[in-house]
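Okay, so here's the structure we're looking at.
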Amino acid sequence: MIFNTGAALLDAIVLAVVSEDIDGTYGYKITQEVREVIEISESTLYPVLRRLQKDYCLEVYDKEYGGRNRRYYKVTDKGMAQLSLYCEEWKIYSDKISNMLLGVKASE
C-alpha cells in the first residue's frame, strides 16, 4: 500500500483485531491478522501494543502454552470506547476521501 499508516490508524486496527476475541489474543497472532490489512513488522507492532497498554486500552496477562508463557492482550472498557470512537471517525473520514477521490460517497 502506498498510503502511510499513522499512529491512530494503527491503534484502531490493533484494537479491532484484539477485540475480536473476548479472552484476548497474543502478539504473533495479532501481527498475522494486521498483516492481512497492512504491511507491518513485529518491531512496529509491539510499541503500538505497549502504547495501548499504557493508555489503559489493553490489559496484558500471561498464559502457559507449550510449556512456556505467552503474553496475551485483551481490550479494556476504555479500549472498546476508543475503538468505537475510531470507527465513527473512520466512517466520516473514509466517506470524505472516497467522495473526493472517486466522486461518490462510500456509503452509497
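Brief remarks follow.
- The set of residues in segment 66-85 being open to solvent by 60 Å² or more (accessible area, probe 1.4 Å) and touching a residue at least 40 places away in the same chain (Cβ under 8 Å) consists of R71, K74, M80.
- Number of positions in segment 28-82 that are of a type in the set (D, E, K, R), assigned to a strand (DSSP E or B) and in contact with a helix residue (DSSP H, G or I) (Cβ under 8 Å, 6 or more places away or on another chain): 3
- Number of the exception - V18 against (1) within 17 Å of G79 (Cα to Cα); (2) buried (at least 18 other Cβ atoms within 10 Å of the Cβ); (3) touching an Asp or Glu at 6+ places or on another chain (Cβ under 8 Å): (3)
- Residues in segment 29-65 that are open to solvent by less than 80 Å² (accessible area, probe 1.4 Å) and among the small types (G, A, S): S41 only.
- Scanning segment 86-108 for residues that are open to solvent by less than 60 Å² (accessible area, probe 1.4 Å), within 15 Å of I13 (Cα to Cα) and out of contact with any helix residue (DSSP H, G or I) (no Cβ under 8 Å at 6 or more places or on another chain) returns a single hit, S94.
- Contacts under 9 angstrom Cβ, first residue in segment 86-104 being acidic (D, E), partner open to solvent by 100 Å² or more (accessible area, probe 1.4 Å), 6 or more apart: D95/K105
- Residue in segment 89-100 that is touching a strand residue (DSSP E or B) at 6+ places or on another chain (Cβ under 9 Å), part of a helix (DSSP H, G or I) and not aromatic (F, W, Y) present: no
- Residue pairs meeting the criteria (Cβ under 9 Å; at least 6 apart or on separate chains; first aromatic (F, W, Y), in segment 23-35; second part of a helix (DSSP H, G or I)): Y28/E42
- The sole residue among D23, D11 that is at pLDDT 90 or above and surrounded by fewer than 14 Cβ atoms within 10 Å (Cβ to Cβ) is D23.
The values are calculated or read from the model by the stated rules, or taken from the named source; none is laboratory data. Model, not experiment: these values are computed from the prediction. Using ideal geometry, Cβ is built from the backbone for each residue, glycine included, and neighbour counts are taken over all protein chains shown. Remember, those area values only see protein heavy atoms, side chains included, never the ligands or the DNA or RNA. Shrake-Rupley method; radii C 1.70, N 1.55, O 1.52, S 1.80 Å.
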